[in-house]
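Student: Next up is a structure, given as structure tokens.
The values are calculated or read from the model by the stated rules, or taken from the named source; none is laboratory data. In this text the structure is predicted, and so the values were computed from the model without any measurement. Note that we place each Cβ from the backbone using ideal geometry, even for glycine, and neighbour counts take in every protein chain shown.
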Amino acid sequence: MKKSLLILPVALCAMIAQAQETSSASTETSSASTETSSASTETSSASVESSASVVAAANIDDFEEGAGKPAKTGTNDYWYAYAAGTGSSVGNAADGNGGKVVNFDAAACGSSSRCAGVTGAVVGANGSAALGVNIAKGLPGCTAISYKYKGAAHNLKPTMKGDEEGALTQWNQHKAAVTAAADWTPVTVQYGQFVQEDWGGTGAMDLVMANVNAIKWEITKVEGTDYLYIDDVNCVGYDPSAANSSSSVTGTAVVIDDFDDANTTAETLGATAYWYLYTAGGTYSNTKDPTTGAIDMIVTEGTNSYAAMKNISGITPGSDKDKIYTSVGMEVAFTSGKLSGCTAIQYDYKGSGHRMRATVDGVKEKEGWEHVATDQSASTDWKTVTVSTMAQPEWVSTVTGATIVAFSWAKVSRLTWVVDEKFSAANLGTELDIDNVKCVGTLSTTTPTSSNSNSIAMTSAAPAGLNVTLMGNTLQVTVAKAGVVKVQVFDMMGHAIESHSESMAAGSFAHTFGALSRGFYVVRVQQGSLVKTVRMQVR
């Protein structure tokens with residue numbers, strides 16, 4: 001059974017150190033030091049330290065505006081007080097809008113002019129009295145929550161979307177226990193200190209701060225102190241301006257791929273940038289082209305084409321397998337630096353719930369360390385999403401020797417749309433469709449020239465049709481009319497190894513391949529609806 005961690009305020013830690021006493025209760029949960037993190041439980045270490053400089057930033061709220069709304073997390077976010085369970089209640093005055101007044105003035109807030117709180121708390125059997133704030137857009141990047149408080153012992157609970165009606169119940173939400181304090185006391189709760197009791201029987205689950213939609217300060221037992229005041233609430237590592245920028249990102253959107261060319265190469269990201277599907281335990285029904293080995297993932301409806309991952313299966317909702325989950329995904333890989341001029345990535349989707357993941361230079365791949373964006377819910381209609389930033393999972397900060405890497409579009413070399421077991425059954429679909437992938441800003445592109453080893457050079461006039469002849473390392477292509485000629489090289493696994501497109505006049509052309517490893521390849525040449533393929537062996 002996992003146990004709740006007991007977070008001790010700084011003043012009490014000093015008293016414990018002076019008395020050199022250790023109680024059995026604190027040993028079972030955690031012991032804290034003002035100098036070092038020496039506490040240990042069967043789930044994670046506890047660390048409480050003076051955090052005045054961190055608290056001063058108050059990127060969630062310092063309550064000075066007095067309106068009962070967080071100043072920085074979002075215009076639709078708000079504070080509230082509530083009681084749960086028979087016989088439980090809070091003494092906060094009514095605010096005239098069906099809620100309770102939670103913002104207090106200097107008389108209750110010590111050295112601060114404003115704070116928030118719960119007063120007159122009464123807690124019935126198995127009940128609670130609490131203060132909470134909803135945060136609609138999550139807390140991506142948050143690795144610790146710090147704040148000042150005065151009053152009753154309480155549980156600090158960051159709750160994720162769907163907790164009450166989804167994978168988790170109130171009995172095993174993530175929480176950290178904080179002791180009572182008679183005077184204003186700063187406290188910092190690290191990500192690794194939020195644990196589940198897990199006696200509710202619904203299993204363990206990672207806490208994903210990007211999916212948190214509320215933070216609650218919950219009093220479950222009144223022992224002489226029936227109030228709790230808090231101030232200067234801050235999330236370490238969380239950037240509210242970035243988290244809220246998706247609705248206000250402006251600028252020209254440059255198309256990365258709209259799939260209307262009906263192929264799986266993203267030419268704007270480079271000659272070797274290609275789309276593909278992957279599986280890590282899950283399955284899909286897309287088939288491979290028997291000639292080229294390329295995965296059939298382009299769907300055309302009328303004049304529009306898009307990429308699709310079909311008949312997704314083998315994904316068990318809410319399953320926990322440490323940090324690696326059964327998944328399937330749609331990816332495009334390219335050279336890092338191509339997105340250096342982008343401030344955001346936009347795309348349209350319909351179908352299964354998913355999240356965008358980025359492979360960032362310097363971050364370990366395929367072990368769950370990668371940067372991810374906020375989860376997107378399943379949708380039967382096309383929706384447009386704008387992703388301005390991503391963050392690594394917060395648990396990375398708890399790994400010995402690990403460092404959180406700042407996100408930068410300039411360092412991204414792969415974008416992945418992931419469907420995995422972290423999603424609830426309601427948000428898992430059998431298909432994921434992606435369209436109109438765009439860069440908000442400028443896209444770094446390289447225009448091939450005739451001096452490039454992969455360039456196409458005109459050699460003579462052309463007869464009718466599309467003809468392809470392979471002579472050693474040179475491909476002879478003959479086209480009857482002007483247009484874009486596309487040459488692709490696939491390995492026998494269906495991976496696009498090389499891709500080049502160029503607008504050419506009618507005639508015959510020579511294409512020289514780049515350096516290829518020994519083996520067999522399929523060369524595909526396309527102009528409009530005309531397609532020719534040849535098999536090539538590199539010795």
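Student: Can you pull out every residue in the stretch 84-101 that is closer than 14 Å to residue 122 by Cα, assigned to a loop (DSSP other than H, G, I, E, B) and of a type in the set (A, V, I, L, M, F, W, C)?
Tutor: 90
Student: To continue, here is another question. Where the second residue is of a type in the set (Ser, Thr, Tyr) and surrounded by fewer than 18 Cβ atoms within 10 Å (Cβ to Cβ) and the first is at pLDDT 60 or above and part of a strand (DSSP E or B) and lies in the stretch 149-170, which pairs have Cβ atoms under 6 Å and are six or more apart or on separate chains?
Tutor: So the pair list comes out as 151/225.
Student: A follow-up question, please. All but one of (1) in contact with a Pro (Cβ under 8 Å, 6 or more places away or on another chain); (2) β-branched (Val, Ile, Thr); (3) modelled with pLDDT under 85 hold for residue 75, so report the exception by its number.
Tutor: That leaves (1) as the condition not met.
Student: Let me ask another. Those residues that are outside any strand (DSSP E or B), buried (at least 19 other Cβ atoms within 10 Å of the Cβ) and at negative phi, I need them from the stretch 221-237; list them, please.
Tutor: Result: 227, single match.
Student: Please enumerate the residues belonging to the stretch 509-531 that are in a strand (DSSP E or B) and crowded, with 17+ Cβ neighbours inside 10 Å.
Tutor: 509, 511, 521, 522, 523, 524, 525, 526, 527, listed by residue number.
Student: Still on this structure, please answer the following. Do we have residue 355 as over 18 Å from residue 256 (Cβ atoms), in the same structural domain as residue 333 (by TED's automatic domain parsing) and part of a strand (DSSP E or B) here?
Tutor: yes
Student: Taking strands (runs of 3 or more DSSP E) that do not extend beyond the stretch 366-471, which have at least 3 residues that are at pLDDT 85 or above and in contact with a strand residue (DSSP E or B) (Cβ under 7 Å, 6 or more places away or on another chain)?
Tutor: Hits in the stretch 366-471: 379-387, 412-420, 432-441.
Student: Taking only the stretch 102-127 into account, find how many residues are assigned to a strand (DSSP E or B) and over 21 Å from residue 147 (Cα atoms).
Tutor: Looking only at that region, the number is 1.
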